[in-house]
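Reading through the structure tokens given below for one structure.
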Amino acid sequence: MTSKFNISLSGPDLAALLCSRVCHDVISPVGAINNGLELLDEGGTDADALDLIRTSALNASVRLKFARLAFGASGSAGASIDTGEAEKAAKDFAAAEKKVEVTWSGPRAIVAKNRVKLLLNLFLVAYGAIPRGGNADIVLENPEGDARFEITVKGRMMRVPAKFAALAEGTEEEAIDAHSVQPYYTLLLAEEAGMKIEYKIYEDRVVFTASMAGAAEAA
């Protein structure tokens, strides 16, 4: 599969939809915190309420920290990001949900923020390919130069997220909404970073790659 990305959003619409996506991701754990506090107010078991509050607060914090790197500005224009921060964000995100075990290999480096944002967004796409949980192996090659990122996922009921596949293949006909904005943003980041996204489906795994456009075309 080679990306044939052909849909565009205005800047304000993209910002609004990404905000909706972030709100969707954090509203559940924040709501659970409120439920825990209500349980305390009603005289519920303190241990249960505090456990719910503690777990939900951690989940909300992890999701917000991930969103800051994956969707936020992460510094001024032209800023770079430490791939070590991205590694921690991805591992913490998976650990909070306790469904996917993440391994990460490759050199630690300070690289252009769009590359790191692309990597984290591609991780979200790959994460969505194993909805019942499993393993995600992330490999970084030459992140400061002719970068290549590879994410291999294995798990039950593997499937490439439908919205991502349709957008990448240029077959999506519906307007971008809060559900499809994240895969859209992933492809947009690839264009901005001069990289090309590909994926391959095998019997026992799905492999997502992002590599410099020239290198991908020459391969």
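The figures follow:
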read-out: Residue-averaged [θ]222 nm for the chain, counting only DSSP H segments that reach four residues, each worth -39500 (n - 2.57); value: -17000 deg cm²/dmol
read-out: Residues whose placed amide H lies under 5 Å from that of MET195, excluding near-sequence neighbours; value: ALA213
read-out: Nearest-20 debye value, segment 169-217 charge dipole, Cβ charges on Lys, Arg, Asp, Glu; value: 280
read-out: Ordering of 13-23, 157-167 by burial proxy (mean other Cβ atoms within 10 Å per residue, highest first); value: 157-167, 13-23
read-out: Segment 98-219 - Rg (one decimal) and Dmax (whole number), Cα, Å; value: 13.9, 39
read-out: Viscosity 1.567 mPa s, 4 °C: Kirkwood-radius Stokes-Einstein D of the chain over Cα pairs, µm²/s; value: 71
read-out: Of the DSSP H helices in the chain, those whose Cα atoms cover at least 20 Å axially and whose Kyte score averages 1.6 or more; value: none
read-out: log₁₀ of I(q)/I(0) at q = 0.10, 0.12, 0.13, 0.22 Å⁻¹ - segment 7-97, Debye sum with one point per alpha carbon; value: -0.37, -0.50, -0.57, -1.07
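No lab work stands behind these numbers, since they all come straight from the coordinates. Every value quoted in this text rests on a predicted model; they were computed, and no experiment measured them. Here the Cβ is made from the backbone with ideal geometry for all residues, glycine too, and neighbour counts use every protein chain on show.
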